[in-house]
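Below: one structure, written as structure tokens.
What follows draws every value from the coordinates through simple rules; no lab data is involved. Quick caveat, the model's predicted, so the values are computed rather than measured. Methodologically, a virtual Cβ is constructed for each residue, glycine included, from the backbone with ideal geometry; neighbour enumeration extends over all protein chains shown.
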Amino acid sequence: MTLSDRTRRLAIPLAAFLLGLLMLGVTAVVTLTPASRPAGSANVGGPFTLVDQDGRAVTDRSFLGQPHLVFFGFTHCPDICPTKLFELSEALRATGEKGRGLKALFITVDPERDKPEALKSYLSSFDDRIVGLTGTLEAIEATVRAYRGFARKVPTKDGDYTMEHTALVYLMDKSGRFIGSFNLNRPPQEAAQELLRHV
């Protein structure tokens with residue numbers, strides 16, 4: 001047997017193996033790609049059932065039809081949460097009448113302390129389009145996971161606790177799909193213009 005015959009005999013099974021590997025890869029990509037999301041969109045957000053600051057049950061579907069913002073926080077937060085809520089309020093106010101239907105969801109990561117009445121009192125200092133949401137610990141944890149966020153209880157020296165959590169503001173479109181993180185570190189008019197582009 002010549003060298004070229006031996007090479008040919010090895011090349012045919014090798015080519016078949018590589019073709020099979022390629023087909024397996026294509027099948028895996030097609031099978032494992034989620035069909036519920038358009039190509040290229042991030043898998044952030046999803047179904048939730050929570051309670052608003054008035055004690056009413058709401059779901060993710062309650063906020064469809066208009067773009068909306070989502071922010072995780074808690075009422076005992078000393079600095080980041082009130083600052084972000086103030087900035088959210090300023091951006092919402094700057095949208096004027098055209099943005100009257102816009103909402104921002106303030107989802108607590110501390111449902112143990114943040115009952116509906118606590119959220120209602122806390123949010124009374126901010127724009128009335130900011131909706132406070134709470135629920136069972138399990139429901140809150142599931143919502144945080146759906147948004148690819150994190151939250152954890154951190155004990156403090158005095159026997160109390162604080163919460164570490166994602167400080168990202170999520171911009172969701174009118175169908176509840178994630179558009180991107182929303183930048184509040186700019187003049188309110190600029191932030192308002194971006195919001196209104198999605199109305």
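Label-to-label distance, residue 100 versus residue 61, with points set 7 angstrom from Cα along the beta-carbon direction: 2.7 nm.
Placing pseudo-labels 7 Å out from each Cα toward the beta carbon at residue 161 and residue 76 gives an inter-label distance of 0.8 nm.
Straightening the chain between residue 197 and residue 150 buys 14.0 nm, computed as 0.36 nm per residue apart minus the Cα-Cα spacing.
Close amide H partners of residue 162, meaning residues 5 or more places away or on another chain with modelled amide H under 5 Å apart, are 154, 156.
Add +1 for every Lys or Arg and -1 for every Asp or Glu among the other residues with Cβ under 13 Å from the Cβ of residue 93, and state the total.
Numbers: positive: 98, 100, 129; negative: 87, 90, 97, 127, 128.
In short, -2.
Between residue 120 and residue 137, full extension at 0.36 nm per residue minus the direct alpha carbon distance yields a gain of 4.2 nm. Backbone geometry of segment 124-133 corresponds, through the Karplus equation with coefficients 6.51, -1.76 and 1.60 at θ = phi - 60°, to 3J(HN,Hα) couplings of 5, 7, 10, 4, 6, 8, 8, 9, x, 10 Hz, x marking Gly and Pro.
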